[in-house]
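Peer 1: Take a look at the following structure, please.
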Amino acid sequence: MTSKPTVFVTRTLPDAVEARLKRDYTPRLNGDDRLPGADEVIEGCRGADALIPCPTDKITADVISRLDENVKVIASFSVGYEHIDTNAARDRGIVVTNTPDVLTDATADIAMLLMLGAARRAYEGECMVREATWGAWAPTAMRGVHLTGNRLGILGMGRIGQAVARRAAGFEMEVHYHNRSKLPADQEHGATFHAGLDSLLAVSDVLSVHCPSTPDTLKILNAESIAKLPDGAIVVNTARGNVIDDEALIAALSSGKLFAAGLDVYDGEPNIHPGYRDLTNAFLLPHLGSATVATRDAMGFRAVDNLDAFFAGREPGDRVA
Ligand code: DGY
């Protein structure tokens, strides 16, 4: 190709990433960062060679079937790619890439923040300070659960799960994990493998979810599985909202079966189940896992690296379809 490839970008990207796109491509940027609907994505891609979507854009089979035939690569600005119908893309010969590695540490940090926030009642404490309802220090006030010495169950021991295991070791937690298969010892970081989910749940004083969203993991944490956690357990989710059955989690937080939850992702976000807002033992963040300046730059550069490889005729490093 002699002219610069045209790239439709669904959301406003960090300045440095947009600058690189302007230098090397003909980008169609989203200056006011409005959320495009399916028709706008299709319209924006007319005559384009590539698409950079975000997890907020549903690139369904229908969208893919209506994409301009020119579009040969979809380079997602995300590690998760369940918002893209990869089978439909593959059928149309469209390459799909994601951005692994670069958001591992940022997301693992948020998982630790959620664990601490949930265990130490950070939401309630902050409300007391801000709303001036903080009385005198009292030996029995605001007692939470401490992480040290407690057992952490990691559901999904990929890159982010492993990074959480390393951090939890610093808190002297006893780490366990369940994964499709047992990892080589150097990737276990001292954690104990559980071949079955039930066996992991039984030892999880804190359960941190790191599995991808797939048909197999849909609502994997439901009334039945939550019942298998120790009484007073804590649930943390930085993966995807739809791995949790909201009604079941809210019921377990209301009844006291669970001590607390720390959530960064939600089914149907940003329209979360309203029941969460009423729970003082739910420590809630708005999908901040990868939200650091350095990480968001790195995600954008990684997406552009994948485009560079594709348009240079090489295999993109992060090809998922
Ligand atoms: C991703 O990249 O999939 C993350 O959820 C964004 O924070």
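The values are calculated or read from the model by the stated rules, or taken from the named source; none is laboratory data. What you are looking at is a predicted structure, and each value in this text was computed from that prediction instead of being measured. Backbone-built Cβ (ideal geometry, glycine too); neighbour counts: all protein chains shown.
Peer 1: Looking only at segment 205-224, which residues are assigned to a strand (DSSP E or B) and over 10 Å from Val243 (Cα atoms)?
Peer 2: Of everything in segment 205-224, those that are assigned to a strand (DSSP E or B) and over 10 Å from Val243 (Cα atoms) turn out to be Val206, Leu207, Ser208.
Peer 1: Mind checking which residues of segment 127-145 are of a type in the set (Ser, Thr, Tyr) and within 20 Å of Met115 (Cα to Cα)? If you could, list the steps in order and put the result at the bottom.
Peer 2: Going through segment 127-145, the residues of a type in the set (Ser, Thr, Tyr) turn out to be 133, 140.
Passing the criteria: none in range.
Peer 1: When Leu155 is evaluated against the numbered criteria (1) aliphatic (A, V, I, L, M); (2) buried (at least 20 other Cβ atoms within 10 Å of the Cβ); (3) more than 30 Å from Thr60 (Cβ to Cβ), which criterion, by number, is the only one it fails?
Peer 2: Status for Leu155: all satisfied but (3).
Peer 1: Quick one: which of Arg120, Arg130 is free of Cβ contacts under 8 Å to residues at least 60 places away in the same chain and over 21 Å from Val235 (Cβ atoms)?
Peer 2: Arg130
Peer 1: For segment 233-247, indicate whether the set of residues that are under 16 Å from Gly289 (Cβ atoms), among the small types (Gly, Ala, Ser) and not assigned by TED's automatic domain parsing to the domain that holds Ile84 is non-empty.
Peer 2: The answer is yes; a qualifying residue exists.
Conditions tested, residue by residue: (1) at pLDDT below 95; (2) of a type in the set (D, E, K, R); (3) outside any helix (DSSP H, G or I).
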residue: Glu82; (1), (2), (3): no, yes, yes
residue: Pro100; (1), (2), (3): no, no, yes
residue: Leu116; (1), (2), (3): no, no, no
residue: Val129; (1), (2), (3): no, no, no
residue: Leu152; (1), (2), (3): no, no, yes
residue: Gln162; (1), (2), (3): no, no, no
residue: Arg167; (1), (2), (3): no, yes, no
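Peer 1: Right, something else. Are there any pairs with C-beta distances below 8 angstrom linking a residue in segment 298-321 that is assigned by TED's automatic domain parsing to the domain that holds Tyr81 and closer than 17 Å to Asp101 by Cβ to a residue that is in a helix (DSSP H, G or I) and within 16 Å of the ligand (Cβ to nearest atom), with the two at least 6 apart or on different chains, and if so which?
Peer 2: Listed pairs, sorted by first residue: Gly300/Val17; Phe301/Val17; Ala303/Val17; Val304/Val17.
Peer 1: Based on this model, can you work out whether Thr214 counts as surrounded by fewer than 19 Cβ atoms within 10 Å (Cβ to Cβ) and within 16 Å of the ligand (Cβ to nearest atom)?
Peer 2: For Thr214, the condition - surrounded by fewer than 19 Cβ atoms within 10 Å (Cβ to Cβ) and within 16 Å of the ligand (Cβ to nearest atom) - is met.
Peer 1: Among what's in segment 84-94 and is assigned to a helix (DSSP H, G or I) and more than 16 Å from the ligand (Cβ to nearest atom), pick the residue that is surrounded by the fewest Cβ atoms within 10 Å (Cβ to Cβ). Talk me through it step by step, then tell me what you get.
Peer 2: First, pick out the residues of segment 84-94 that are assigned to a helix (DSSP H, G or I): 86-91.
Restricting the remaining residues to those that are more than 16 Å from the ligand (Cβ to nearest atom) gives 87-91.
Working: Asn87: 11, Ala88: 19, Ala89: 23, Arg90: 14, Asp91: 13.
By that ranking, first place goes to Asn87.
Peer 1: Sort through Ala132, Ala118, Ala141, Ala108 and tell me the only one that's under 22 Å from His210 (Cβ atoms), hydrophobic (A, V, I, L, M, F, W, C) and out of contact with any strand residue (DSSP E or B) (no Cβ under 9 Å at 6 or more places or on another chain). Reasoning before the result, please.
Peer 2: Details: Ala132 fails: under 22 Å from His210 (Cβ atoms); Ala118 fails: out of contact with any strand residue (DSSP E or B) (no Cβ under 9 Å at 6 or more places or on another chain); Ala141 fails: under 22 Å from His210 (Cβ atoms).
Result: Ala108 is the single residue among Ala132, Ala118, Ala141, Ala108 that is under 22 Å from His210 (Cβ atoms), hydrophobic (A, V, I, L, M, F, W, C) and out of contact with any strand residue (DSSP E or B) (no Cβ under 9 Å at 6 or more places or on another chain).
Peer 1: In segment 19-68, which residue that is among the charged types (D, E, K, R) and within 23 Å of the chain's Cα centre (by Cα) is surrounded by the most Cβ atoms within 10 Å (Cβ to Cβ)?
Peer 2: As a first pass, look at segment 19-68 and keep what is among the charged types (D, E, K, R): 20, 22-24, 28, 32-34, 39-40, 43, 46, 49, 57-58, 62, 66, 68.
With the extra rule that they be within 23 Å of the chain's Cα centre (by Cα), the set shrinks to 33-34, 57-58.
On the way: Asp33: 11, Arg34: 11, Asp57: 24, Lys58: 15.
For segment 19-68, the residue satisfying everything is Asp57.
Peer 1: Select from segment 70-80 the residues that are under 21 Å from the mean Cα position of the chain (by Cα) and not in a loop (DSSP other than H, G, I, E, B) and write down the one among them that is farthest from the ligand (Cβ to nearest atom).
Peer 2: The initial filter retains those residues of segment 70-80 that are under 21 Å from the mean Cα position of the chain (by Cα), namely 74-80.
Applying the additional criterion that residues be not in a loop (DSSP other than H, G, I, E, B) yields 74-75.
Values: Ile74: 14, Ala75: 12 Å.
Here the residue is Ile74.
Peer 1: Let me ask something additional. When the residues of segment 289-303 are narrowed to those that are part of a loop (DSSP other than H, G, I, E, B) and under 15 Å from Cys54 (Cβ atoms), which ends up farthest from the ligand (Cβ to nearest atom)?
Peer 2: Applying the filter and picking the extreme gives Ala291.
Peer 1: Something else about it: Residues that are of a type in the set (S, T, N, Q), within 30 Å of Phe8 (Cβ to Cβ) and in contact with a helix residue (DSSP H, G or I) (Cβ under 7 Å, 6 or more places away or on another chain): does segment 274-294 have at least one? Please lay out each step first, then the result.
Peer 2: As a first pass, look at segment 274-294 and keep what is of a type in the set (S, T, N, Q): 280-281, 290, 292.
Applying the additional criterion that residues be within 30 Å of Phe8 (Cβ to Cβ) yields 290, 292.
Of the ones still in play, those that are also in contact with a helix residue (DSSP H, G or I) (Cβ under 7 Å, 6 or more places away or on another chain) are 290, 292.
Yes; the residues of segment 274-294 include at least one that is of a type in the set (S, T, N, Q), within 30 Å of Phe8 (Cβ to Cβ) and in contact with a helix residue (DSSP H, G or I) (Cβ under 7 Å, 6 or more places away or on another chain).
Peer 1: Could you list, in sequence order, all residues of segment 169-190 that are under 20 Å from Leu113 (Cβ atoms), among the aliphatic types (A, V, I, L, M) and outside any helix (DSSP H, G or I)?
Peer 2: Met173, Val175
Peer 1: Quick check on segment 10-58: of everything there that is in a loop (DSSP other than H, G, I, E, B) and among the aliphatic types (A, V, I, L, M), which residue is nearest to the ligand (Cβ to nearest atom)?
Peer 2: The extreme case among them is Leu13.
Peer 1: If you go through segment 241-260 one residue at a time, do you hit one that is at negative phi, in a loop (DSSP other than H, G, I, E, B) and of a type in the set (A, V, I, L, M)?
Peer 2: no
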